[in-house]
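S.K.: Here you go, one structure.
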Amino acid sequence: MHPRNRHQDRYEFTRLTRELPALKPFVVRTPDGQPSIDFGDPTAVRMLNRALMQSQYGIAGWQFPAGYLCPPIPGRADYLHGLADLLAQDNGGAIPRGGAICALDIGTGASCIYPLLGHVDYGWRFVGTEIDSAALASAAAIIAANSGLRAAVELRLQPDPTLILKGVVQPGERFDLTLCNPPFHASAAEAAQGSARKWQNLGRSGGPRSRPARNFGGHAHELWCRGGELGFVGQMIKESAELASSVYWFSSLIANGAHLAPLKQQLQKAGAQQVQSVAMAQGQKQSRFLAWTFLDAGQRAAWRQQRWTGAGEQT
Ligand code: SAH
């Protein structure tokens, strides 16, 4: 986990249940007497995460309709910390903070997780996009429930599901970052298989109350898209080349490490000036994000001078 991640320690259940009493009925004892929850129970997992958003980030009413994925917060936070490091890397080690920095979150989801964490940790502004209007409505309700977020997060519907950046980035608009947790399966059947495997790995036998589709199934859009992760990020790279001077760093999570090599090759062909993959690990889980820019060193210096001056804070 990234050293700036707020989730280094064990969950403090006393504090969490004080913040969100609705979590209390879900707290169980582990064999060694520690408080915990049943991580196989999606309602319990949602409640724990809602309590974490409230106590660690001051976000009230973090709720979304049943059927949407509940993002594991520590992992999502790590991606943002990695992006902050990427900005700092060019900026003499200082992370640019505050509303001068604007990030585009592609597929922000019903939970609006990245804009919430990124705004609370770094004060950045966000534009979140979605093809799923119900997810967008849910994200809008979360923002509406938190007055501090209203000016910081804007939501935009992507009307064409085959497009990613086009149609949501407006002419003349600039983003310091783009980020994305892409749908990674190539078909509904593959997504269902993935859920079943995850279920088996947790040692669950199934049964009427615990069918995989019910416990791990996200909304179809969250799980799969034509072409899977490789197709989605490939399309993003193609569109990013046409918006080369509108964005400082483009990025995407890459769930399958084997996809890095072909995507890097595509980026090289597309004329990316710099490409970086950043490894992340939470417990056993390994993941990574890929970041690229079409701006050369001089263009980046001019961008920083124009947009980041005064936004730095030494870490
Ligand atoms: N960011 C959230 C949700 C990720 S799931 C999280 O990390 O938990 C991927 C999301 O991308 C889904 O909500 C899906 O509806 C959305 N999506 C899929 N294709 C998209 C596109 N072309 N443009 C914008 N969003 C898209």
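The values are calculated or read from the model by the stated rules, or taken from the named source; none is laboratory data. The structure displayed is predicted, hence computed values, not measured ones. Virtual Cβ from ideal backbone geometry, glycine too; neighbours counted across all protein chains shown.
S.K.: Restricting to region 108-126, and then to whatever is within 23 Å of D176 (Cβ to Cβ) and in contact with a Ser or Thr (Cβ under 9 Å, 6 or more places away or on another chain), can you tell me which residue is farthest from the ligand (Cβ to nearest atom)?
M.R.: In this case the residue turns out to be F126.
S.K.: Can you pull out every residue in region 94-126 that is among the β-branched types (V, I, T) and under 12 Å from the mean Cα position of the chain (by Cα)?
M.R.: Scanning region 94-126 gives I106, T108, I113.
S.K.: Restricting to region 246-297, name every residue that is assigned to a helix (DSSP H, G or I), out of contact with any strand residue (DSSP E or B) (no Cβ under 9 Å at 6 or more places or on another chain) and farther than 30 Å from G172 by Cα.
M.R.: A258, A261, P262
S.K.: For region 97-107, enumerate the residues that are within 14 Å of the ligand (Cβ to nearest atom) and within 23 Å of Q305 (Cα to Cα).
M.R.: Result: A103, L104.
S.K.: Taking into account only those residues within region 218-234 that are part of a helix (DSSP H, G or I), of a type outside the set (F, W, Y) and within 8 Å of the ligand (Cβ to nearest atom), which is nearest to P71 (Cα to Cα)?
M.R.: The extreme case among them is E222.
S.K.: Restricting to region 138-188, count the residues that are assigned to a loop (DSSP other than H, G, I, E, B), farther than 20 Å from C70 by Cβ and within 14 Å of the ligand (Cβ to nearest atom).
M.R.: Counting residues in region 138-188 that are assigned to a loop (DSSP other than H, G, I, E, B), farther than 20 Å from C70 by Cβ and within 14 Å of the ligand (Cβ to nearest atom) gives 13.
S.K.: Quick check, is A135 near the ligand (Cβ under 10 Å from one of its atoms), surrounded by 24 or more Cβ atoms within 10 Å (Cβ to Cβ) and at pLDDT 95 or above?
M.R.: yes
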